[in-house]
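The values are calculated or read from the model by the stated rules, or taken from the named source; none is laboratory data. Not measured: the values here are computed from a predicted model. Note that each Cβ is placed from the backbone with ideal geometry, even for glycine, and that neighbours are counted across all protein chains shown. Note: areas computed on protein heavy atoms with side chains; ligands, DNA, RNA excluded. Shrake-Rupley method; radii C 1.70, N 1.55, O 1.52, S 1.80 Å.
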Amino acid sequence: MIYSKTEEEIALMRKSCLLVGKTIAEIARALRPGITTASLDKLAEEFIRDHSGVPSFKGYVVHGKTYPYSTCISCNDEVVHGMPGPRVIVEGDIVSFDCGVYLNGYHGDSAYTFPIGEVNPSILTLLRVTKESLMLGIEKAVLGNRLLDISSAIQTHVESHGYSVVRELVGHGIGRQLHEKPEVPNYGKKGNGVVLKSGFTLAIEPMINKGHKEIITAKDGWTVATKDHQPSAHYEHTIAITSGKADILTTFEYIEAVRNEYIGTLQPELHG
Ligand code: MF3
Ligand code: CO
């Protein structure tokens, strides 16, 4: 059963989603070489609770296991579900930060992959193409299209660059529950899947590997990494299907404003 949300419910979800976007921007502000992933998780949890939200991931049960942190922080060859801890971020890393917020009865979910300092240009291309694939998928998330039109747009774009789509992990419906029907794969044939209806709310989240698509789960039972140890990127938006273009409920606007400020401080000559 796929739950269609009313306009009022979508308005509530927009609030949860806005807080997710602002939380990830707080992380963007703190993210630098030398910081531990545990301290980023703590910062995110405090920010969410200070704004009357609850971290969606903390205490979330998957296959009988309880996730103990507020965020997932996945570095370099880690695809998703990296557990915050003593790991220190270093220059040249890519860091995927995934965060969910529960507020007023509804969840919002978003993820962003950050390059830290100077990063190998071929890895920056992986980040750009993965983010582009998310936006191309969202362009297909319109009334009357089919679910796998989204998936196909993502897959076609990333494979045209020689990257691969993780198969075992997918996007999802979202609302009163963090994970609702339908599953939103990042691969598939257009023209297939359910017809998209008004009020569907989806978390679309391409997880894209620079090398091969195969993944392994670490001994901690959570962290998913690429089998070939090549880097992986992850961007996620929560969207609503309404009339016309999809309504993107989460936002990268605050995140990217922080990133641009940061670049401004590195290259003052470009900014007068
Ligand atoms: N953001 C992940 C998703 O979209 C959720 C993380 S699972 C958790 O599916 F257990 F860590 F919360
Ligand atoms: Co998600």
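When its C-alpha radius of gyration is set against 2.2 N^0.38 Å (N residues), segment 7-270 gives a value of 0.94. Ordering of 234-240, 155-161, 17-23, 61-67 by packing is 234-240, 17-23, 155-161, 61-67, highest average first (other Cβ atoms within 10 Å, averaged per residue). Just to verify a number: what accessible area does residue 198 come out at with the full protein assembly present, 1.4 Å probe, Å² rounded to tens? So the heavy atoms of residue 198 present about 70 Å² to solvent.
Surface composition of segment 7-270: carbon plus sulfur atoms hold 54% of the accessible area, using a 1.4 angstrom probe and ignoring ligands, DNA and RNA. Answer rounded, prolate or oblate for segment 100-174, using the Cα gyration tensor with square roots of eigenvalues a ≥ b ≥ c: rounded when a/c is under 1.5, else prolate when a/b is larger than b/c, else oblate. Oblate, because a/c is 1.5 or more while a/b does not exceed b/c. Direction-averaged projected area, Cα convex hull, segment 117-222: 8.2 nm², rounded to one decimal. Its relative contact order, with pairs defined as Cα atoms under 8 Å and 6+ residues apart, puts segment 134-209 at 41 percent. Using a probe of 1.4 angstrom and keeping all protein chains present, the accessible surface of the chain works out to 45 square angstrom per residue.
Pairs spanning more than 29 Å between alpha-carbon atoms, out of 5/190; 65/190; 131/181; 15/245; 131/190: 65/190.
In units of the rule-of-thumb radius 2.2 N^0.38 Å, segment 53-177 shows an alpha carbon radius of gyration of 1.16. So what is the relative contact order of segment 7-270, in percent, for Cα pairs below 8 Å that sit 6 or more residues apart? Dividing the mean separation by the residue count of segment 7-270 yields 22 percent.
Span-like helix criteria (full DSSP H runs; alpha carbon extent of at least 24 Å along the helix axis; mean Kyte-Doolittle hydropathy of at least -1.0) are satisfied in the chain by 7-30, 121-139. Overall, segment 14-135 carries a charge dipole of about 360 debye about its Cα centre when +1 sits on the Cβ of Lys and Arg and -1 on the Cβ of Asp and Glu, all other atoms neutral. Under a model in which nothing but the beta-carbon of Lys, Arg (+1) and Asp, Glu (-1) is charged, the chain shows a dipole of about 600 debye around its Cα centre.
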